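> Quick one: this structure, given as structure tokens, is what I'll be asking you about.
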Amino acid sequence: MLKAWRLSLVILAILFFSVVATATEVHLQPDFVRLDRVTAVQPLANGITIRAGAAVLHITALRDDLLRVRVAPDGRFPEDASWTVLTASRVDAVNVIAENTNADVGFKTAKLRVTIHRDPMSLRVTDLEGRVIVENFSPRPIEYHEHAFRVYLRSPEDEHYFGLGDKPGPLDRRNASFANWNTDSFGWQESTDPIYKSIPFLITYRGGISTGIFLDNTWRTSFDFNKEYRDAYSFGAEDGPLDFYLLYGPDAKAVLASWAWLTGHTPLPPLWALGFQQSRYSYYPESEVRRIADRLRSEHIPTDVIWLDIDYQLKNRPFTVDPERFPHFDQMIQDLKAQHLKTVLITDLHIADLPGANYKPYDEGQTKDYFVKNPDGSTFVGTVWPGKAVFPDFTRQAARDWWGTLYADFVHKGVAGFWNDMNEPSVFDVPSKTMPDDVQHHIEEPGFASRIASHLEVHNIFGMENSRGTYEGLLNLAPNLRPFVMTRASFAGGQRYAVTWTGDNASTWNHLRQSIPQLLNLGLSGFALSGADVGGFAGSPQPDLLTRWLEVGAFEPIDRDHSASGTHPQEPWENGTPEDVNLRRRYIEERYRLLPYLYTTTEEMSRTGVPMMRPLFLEFPWPDANGSPLDFGAGNAFLLGADLLIAEAPFPDELDDYMIALPPVGWYDYWTGARIEPAKGGADGKHPTEVRLHRELDTLPIFVRAGAIIPEQPLVQSTDERPNGPLILRVYPPTNSGEKCSGSLYLDDGVSFAYKQGVFFRAAFTCQLMPDGISVRVAPASGSFAPWWKQVSVEIYGATKAASHATVTHLDGKGGALLPTAFDVKQHRITASMQDEGKGFEMKLMY
Ligand code: MIG
């Protein structure tokens, strides 16, 4: 039955399209097309096809909560291929139920209802409770001006918008407009747009409900929120396909999980990527690199990585080393390794244009004909760091594969990671700062028709494909090592290949302020492993600014101190008093103590798509009793993982007190362990607790969610070092019994893919309030990776008196035993330690 029904649909569709085809053959692309009236309708098993004059609109359901909309103004769809959307996801489909009335036509899935009003035409998507997810803005639903198109959507005044990658400005994109055109933006400011990345993906938020919208178009695209029309937002492109996806939540976390399903997850990075990283433009000669390494160690600044910027190279030629500046380069890499420091090298994509000079990257690329061409067939040459340079054609798989082989020498020397800069691509001495629009790229790619594409089509994905070549090349060269690549330019989906940073920020208070919403929006766009140059790139930070930035940076996904040439040095021991240096060290140390929590959060991110650094509405999506979302007044507060709330001041240079609205779940002060008393009326689970904060230089306010169990480790100087001492479980009891209290820990060897074969350690922790005490249970771990500890130290916070006694029962059968406990009044903490190597136990502690 079903088959016969489907067959008749196919026949109908063929008839329908032949009508469309004959109707459009006589027309050229019209100047202006507005899809204003439905003229024909064709239900499909997985969606619907609508005709509006010559235009055809396909709406299909990939999943019950994920729709795709494609429009062809003249009825002819371009090839169905994507640089971003994973093929397996793109071809997925669910059956829908067609719906049809005189006024409307559409369908529903198990989660969404799609309604197209026939005249005037208007698309509306609601959930099954009737809440509007997106709705065309009348009277301008979808329109074309020659090749350019725009989709207008209604914007209720209490709707908010997030995402769009690294774009500066406030967290909420409302009342702003943006363009996507990857741009080398030295000196960018809060209102600069576009900058380095193009991620045409946004997340809406209204009353706790979120939807993702992704415009799968690599040309210059643009987004407008409430500027052209107060009551509308819109997106469009100057050319290319109108092809967009709607990702229904209902909450933003679910949107991000769907975004990862559609475009891929951030792979689990090597553990050392979470360590502190020291960089500068540039450390040279070799003796300077060694001086920095020695000083990091003698100052006891825990560190994992030193970065070498362009000056290690001979005349800025990628994949070379200057033998005068670095006479013992290979030995230096080994010596740094012996100091437990990894080396990351910059490797820009512009290959020096050096015929006949024995420069392998040029010779090989030219012989294989892998460089980007001018329209007349000659190789395009642009001026960048090496002087005249040529550019690999990264939209050809073969060219990317070849690019990947260029890393062989450095990988064999033991270089740990690579940095792809300048890949917007940046070109000097031309007003456009990039390649000419008519430069020719070849698309030679599985899933795509092979063809020549203009730079206009490829520009925004060039950097992503550059980092893809690097990532895949590294995987080829060392198949059992997790690659580490950092890219400056990228596109939606680029999280599959590289982590990123926010480019050339500046050493100003406003840039410190900017870095938080910028990293949050990157996380909300799929780039969950990101950092901003700590201390600022351009200019020199005053001592307090450097201290504050190193404090905040310690709680961000990538913690890399980097600065421009010609600026005052800004390593943690520079530019400050001994007290400053102590503070900076103390915060970096705190990051290293938190590594078990950080790594567990990172593993969760790589599995679920939920970023490490989260705006409050991601964990607390419900609006407060006044109907306003909780965190839009919270300035620069963010969550690291689910449980740590970092409350930097909204304006870090203002000395005034500031308020933070803590979501109504109960909180503790991370530094004192004291419970935060909810304000009057704040304990009802609905109203946030308003806390007044004063930011002292030595204390970045941090709160821990009640019901959290945070794993920590003894201090190490690098992630190479095996922690010596117990696993520490910081338990923050929930407010009422029965409320959630849990935590988890993920560990593995930190570098290889053995975890995919089960060589990991995963344990879950829970706690429960009892009438006069608390019980803490550590479940037996799964996985075969052996952890470092023999002892676990359980710390119960919020304690105001000593415990009367504590007992432990080991889950592997060893009987109960009485435990000694210690009480620290200043830390509001009771500590009890016991033998355990991951086999599991239950501890009961009575007050
Ligand atoms: O034109 O490699 O954003 O981090 O230090 C400047 C030198 C090139 C720009 C990067 C910056 C890096 C610098 N690069």
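> Is it the case, given these coordinates, that Pro596 is at pLDDT 95 or above, part of a loop (DSSP other than H, G, I, E, B) and either within 16 Å of the ligand (Cβ to nearest atom) or within 28 Å of the chain's Cα centre (by Cα) (or both)?
For Pro596, the condition - at pLDDT 95 or above, part of a loop (DSSP other than H, G, I, E, B) and either within 16 Å of the ligand (Cβ to nearest atom) or within 28 Å of the chain's Cα centre (by Cα) (or both) - is not met.
> On to the next question. Can Asn420 be described as closer than 28 Å to Met332 by Cα, of a type in the set (S, T, N, Q) and within 16 Å of the ligand (Cβ to nearest atom)?
Numbers: closer than 28 Å to Met332 by Cα: yes; of a type in the set (S, T, N, Q): yes; within 16 Å of the ligand (Cβ to nearest atom): yes.
Taking the combined requirement at face value, the residue satisfies it.
Here is a yes/no grid of residues against (1) within 23 Å of Val132 (Cα to Cα); (2) buried (at least 19 other Cβ atoms within 10 Å of the Cβ):
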residue	(1), (2)
Pro170	no, no
Arg173	yes, yes
Glu190	no, no
Pro194	no, yes
Ser210	yes, yes
Pro241	no, yes
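> In addition: Which residues, taken from segment 528-538, are outside any strand (DSSP E or B) and within 16 Å of the ligand (Cβ to nearest atom)?
Scanning segment 528-538 gives Ala532, Asp533, Gly535, Gly536, Phe537.
> Hey, another quick one. Of (1) within 31 Å of the chain's Cα centre (by Cα); (2) outside any loop (DSSP other than H, G, I, E, B); (3) among the charged types (D, E, K, R), Glu143 satisfies all except one. Which?
(1)
> Against the condition in contact (Cβ under 8 Å) with a residue 40 or more places away in the chain, surrounded by 19 or more Cβ atoms within 10 Å (Cβ to Cβ) and of a type in the set (D, E, K, R), how does Lys844 come out, does it pass?
Criteria met by Lys844.
> Going through Leu256, Leu268, Leu246, Leu336 one at a time, which residue ends up being farther than 19 Å from Phe410 by Cβ, more than 16 Å from the ligand (Cβ to nearest atom), part of a helix (DSSP H, G or I) and among the aliphatic types (A, V, I, L, M)?
Leu256
> Cβ-Cβ distance below 6 Å, separation of 6 or more or different chains: which pairs start in segment 280-293 with a residue that is more than 16 Å from the ligand (Cβ to nearest atom) and end on one that is part of a helix (DSSP H, G or I)?
Pairs found: Glu286/Met332; Ala293/Leu336.
> Right, next: Please work out which one of (1) within 16 Å of the ligand (Cβ to nearest atom); (2) outside any loop (DSSP other than H, G, I, E, B) is the condition Gln366 fails and give its number.
(1)
> While we're here: Only one of these is on the phi < 0 side of the Ramachandran plot, assigned to a loop (DSSP other than H, G, I, E, B) and in contact with a strand residue (DSSP E or B) (Cβ under 8 Å, 6 or more places away or on another chain): Pro572, Pro541. Name it.
Result of the check over Pro572, Pro541: Pro572.
> In segment 365-383, how many residues are touching a residue at least 40 places away in the same chain (Cβ under 8 Å) and either charged (D, E, K, R) or surrounded by fewer than 23 Cβ atoms within 10 Å (Cβ to Cβ) (or both)?
6
> Report yes if Ala399 is within 16 Å of the ligand (Cβ to nearest atom) and either part of a loop (DSSP other than H, G, I, E, B) or under 30 Å from Lys342 (Cα atoms) (or both), otherwise no.
Considered against the rule, which asks whether it is within 16 Å of the ligand (Cβ to nearest atom) and either part of a loop (DSSP other than H, G, I, E, B) or under 30 Å from Lys342 (Cα atoms) (or both), Ala399 comes out as no.
> Hey, can you tell me all the residues within segment 791-805 that are more than 35 Å from the chain's Cα centre (by Cα) and not polar (S, T, N, Q)?
Hits for segment 791-805 are Ala799, Lys801, Ala802, Ala803, His805.
> If I filter segment 339-359 for residues that are surrounded by fewer than 23 Cβ atoms within 10 Å (Cβ to Cβ), in contact (Cβ under 8 Å) with a residue 60 or more places away in the chain and part of a helix (DSSP H, G or I), do I get at least one hit?
No.
> Further question: Which one is nearest to Ala260 (Cα to Cα), of the residues in segment 482-499 that are assigned to a loop (DSSP other than H, G, I, E, B) and hydroxyl-bearing (Ser, Thr, Tyr)?
That would be Tyr497.
> If you don't mind, another one. Do you know which residues across segment 97-143 are surrounded by 19 or more Cβ atoms within 10 Å (Cβ to Cβ) and farther than 25 Å from Pro73 by Cα?
If the condition is that a residue be surrounded by 19 or more Cβ atoms within 10 Å (Cβ to Cβ) and farther than 25 Å from Pro73 by Cα, then Thr109, Leu112 are the ones that fit.
> For the subset of segment 443-495 comprising residues that are basic (Lys, Arg) and closer than 30 Å to Gly531 by Cβ, which member is surrounded by the fewest Cβ atoms within 10 Å (Cβ to Cβ)?
Ranking the qualifying residues of segment 443-495, first place goes to Arg482.
> Among residues belonging to segment 484-536 that are aromatic (Phe, Trp, Tyr) and in contact with a strand residue (DSSP E or B) (Cβ under 7 Å, 6 or more places away or on another chain), point out the one that is farthest from Arg280 (Cα to Cα). Let's see the steps before the verdict.
At the first step, the residues of segment 484-536 found to be aromatic (Phe, Trp, Tyr) are 484, 491, 497, 501, 509, 527.
Now narrow it down to the ones that are in contact with a strand residue (DSSP E or B) (Cβ under 7 Å, 6 or more places away or on another chain): 484, 491, 497, 501, 527.
Numbers: Phe484: 18, Phe491: 26, Tyr497: 24, Trp501: 14, Phe527: 23 Å.
Here the residue is Phe491.
> Give the number of residues within segment 169-217 that are in a loop (DSSP other than H, G, I, E, B), away from the ligand (no atom under 16 Å from the Cβ) and among the hydroxyl-bearing types (Ser, Thr, Tyr).
Within segment 169-217, residues that are in a loop (DSSP other than H, G, I, E, B), away from the ligand (no atom under 16 Å from the Cβ) and among the hydroxyl-bearing types (Ser, Thr, Tyr) number 1.
> Could you pull out the residue among Gly813, Gly838 that is at positive phi, exposed (fewer than 15 other Cβ atoms within 10 Å of the Cβ) and outside any strand (DSSP E or B)?
Gly813
> Quick one: in segment 499-513, which of the residues that are more than 14 Å from the ligand (Cβ to nearest atom) and of a type outside the set (Val, Ile, Thr) is farthest from the chain's Cα centre (by Cα)?
Trp509
> While we're on this one: Evaluate the following for Ser525: is it away from the ligand (no atom under 16 Å from the Cβ), of a type in the set (Ser, Thr, Tyr), part of a loop (DSSP other than H, G, I, E, B) and modelled with pLDDT of 95 or more?
In short, yes.
> Please identify the pairs in which a residue from segment 261-272 that is within 30 Å of Tyr248 (Cβ to Cβ) has its Cβ atom under 9 Å from the Cβ atom of a residue that is among the acidic types (Asp, Glu), counting only partners at least 6 apart or on another chain.
Sorted first by the residue in segment 261-272, then by its partner, the pairs are Leu268/Glu603; Leu268/Asp748.
> Condition first: within 16 Å of the ligand (Cβ to nearest atom) and within 19 Å of Pro302 (Cα to Cα). Now tell me which residues in segment 539-562 satisfy that.
Residues satisfying the conditions are Trp549, Gly553, Ile558, Asp559, Arg560, Asp561, His562.
> Looking at segment 753-766, I want the residues that are farther than 9 Å from Ala781 by Cα and have a partner that is in a helix (DSSP H, G or I) and not aliphatic (A, V, I, L, M) with Cβ atoms under 6 Å, at least 6 apart or on another chain. Which pairs are those?
Once the first residue is farther than 9 Å from Ala781 by Cα and sits in segment 753-766, no partner that is in a helix (DSSP H, G or I) and not aliphatic (A, V, I, L, M) comes close enough.
> Residues that are in contact with a strand residue (DSSP E or B) (Cβ under 8 Å, 6 or more places away or on another chain), more than 26 Å from Thr672 (Cα to Cα), of a type in the set (Asp, Glu) and at pLDDT 95 or above: does segment 747-766 have at least one?
Here is the first cut: in segment 747-766, the residues in contact with a strand residue (DSSP E or B) (Cβ under 8 Å, 6 or more places away or on another chain) are 747-748, 754-755, 759-766.
Now restrict to residues that are more than 26 Å from Thr672 (Cα to Cα): 747-748, 754-755, 759-763.
Okay, now just the ones that are also of a type in the set (Asp, Glu), so 748.
Next cut, at pLDDT 95 or above only: 748.
Looking for residues that are in contact with a strand residue (DSSP E or B) (Cβ under 8 Å, 6 or more places away or on another chain), more than 26 Å from Thr672 (Cα to Cα), of a type in the set (Asp, Glu) and at pLDDT 95 or above, one finds at least one in segment 747-766, hence yes.
The values are calculated or read from the model by the stated rules, or taken from the named source; none is laboratory data. Just so we're clear, the structure is a prediction, and the values are computed from it rather than from any experiment. So basically every Cβ, Gly included, is an ideal-geometry build from the backbone, and we count neighbours across all protein chains shown.
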